[in-house]
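Heads up: the structure comes next, in structure tokens.
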Amino acid sequence: AQRVTQPEKLLSVFKGAPVELKCNYSYSGSPELFWYVQYSRQRLQLLLRHISRESIKGFTADLNKGETSFHLKKPFAQEEDSAMYYCALNLNFNKFYFGSGTKLNVKP
Amino acid sequence: NAGVMQNPRHLVRRRGQEARLRCSPMKGHSHVYWYRQLPEEGLKFMVYLQKENIIDESGMPKERFSAEFPKEGPSILRIQQVVRGDSAAYFCASSPGRGAHGYTFGSGTRLTVV
């Protein structure tokens with residue numbers, strides 16, 4: 001079975017502190033992994049995907065196949081980063097398996 | 001481009017009634033996907049459709065739920081005889097083709113069954 005696990009429901013940090021949102025996946029093949037963000041009252045938006053290996057809004061994520069992880073990191077959190085973050089696994093080119101999400105709260 | 005449009009944003013139904021949720025994909029997108037998000041959970045895949053075809057309905061409950069994407073008009077997710085457990089946010093996404101490229105989500109419809 002394919003599964004995405006985000007162990008933290010809520011993560012609170014102070015502005016300027018480093019952030020790491022954890023994501024572990026369970027899949028025996030080559031995964032295609034994504035991070036989506038949902039700001040308050042807005043739609044789900046793509047933040048980044050592991051294939052592109054880019055940094056968006058200061059966030060990065062590295063796929064670690066040995067640990068089956070795809071943790072999202074940012075060295076210095078900003079208040080505007082407060083949102084729900086979802087890790088997702090894309091299979092068969094047509095559907096995503098989402099984690100249950102982590103709410104990031106960046107305090108001033 | 002207005003993006004993926006879902007309506008209504010909020011829908012309240014009494015137990016036993018029917019709920020119809022609409023999704024208009026982005027211009028140029030011919031693939032539509034429906035997801036359901038129960039409270040405190042992530043989005044769960046329900047169904048994948050192309051125009052006039054259901055490609056993958058592996059996430060659809062066996063009874064009371066159906067989906068269509070006609071040649072003309074929006075995709076419809078239909079829930080018959082709703083029960084309290086159907087209360088959730090239902091999200092639609094569209095893409096221009098197979099694959100995650102260009103996959104765009106709508107704002108969702110929040111269904112409340114009273």
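When chain B is treated as a Gaussian network with alpha carbon springs shorter than 10 Å, the biggest mean-square fluctuation among B:GLY16, B:GLY59, B:GLY85 belongs to B:GLY85. For region A:44-108, the Kirkwood estimate of hydrodynamic radius, built from reciprocal distances between every pair of different alpha carbons, is 13.1 Å.
For chain B, the ratio of Cα radius of gyration to the globular rule of thumb 2.2 N^0.38 Å stands at 0.99. Arranged from fewest to most other beta-carbon atoms within 10 Å of their beta carbon, A:ASP62, B:ASP86, B:ASP56 become A:ASP62, B:ASP56, B:ASP86.
Computed about the Cα centre, the dipole magnitude for the protein assembly as shown is approximately 540 debye when only Lys and Arg (+1) and Asp and Glu (-1) carry charge, each at its Cβ. Extension gain for B:ARG110-B:GLU41 works out to 23.4 nm (0.36 nm per residue, less the C-alpha to C-alpha distance). When you restrict to C-alpha pairs under 8 Å that are six or more residues apart and normalise by the size of region A:1-53, the relative contact order lands at 29 percent. The Cα center of region A:41-108 and the Cα center of region B:1-58 differ in position by 23 Å. Label-to-label distance for B:HIS10 and A:PHE14 is 3.8 nm, based on points extended 7 Å past Cα in the beta-carbon direction.
Which whole-number percent of Cα pairs in the protein assembly as shown have a distance greater than 22 Å? All intermediate terms of the calculation are to be shown ahead of the outcome.
Working: 12689 of 24531 pairs.
Counting pairs separated by more than 22 Å, the tail of P(r) holds 52 percent.
Counting 0.36 nm for each residue step from A:TYR27 to A:SER52 and taking away their Cα separation leaves a gain of 7.0 nm.
Mind putting a number on the dipole of chain A about its Cα centre? Charges go on the C-beta only, +1 for Lys and Arg and -1 for Asp and Glu, and I need it in Debye to the nearest 20.
Details: 15 positive and 9 negative charges, 45 e Å.
Computed about the Cα centre, the dipole is about 220 debye.
If the elastic network links every pair of Cα atoms under 10 Å, which of A:TYR27, A:TYR36, A:TYR86 fluctuates the most in the Gaussian network model of chain A? Taking springs between Cα atoms under 10 Å, the residue moving most is A:TYR27.
Laboratory data are not the source of any read-out in this text; all were calculated from the coordinates shown. What you are looking at is a predicted structure, and each value in this text was computed from that prediction instead of being measured. With ideal geometry, Cβ positions are generated from the backbone for all residues, glycine too; neighbour counts draw on all protein chains shown.
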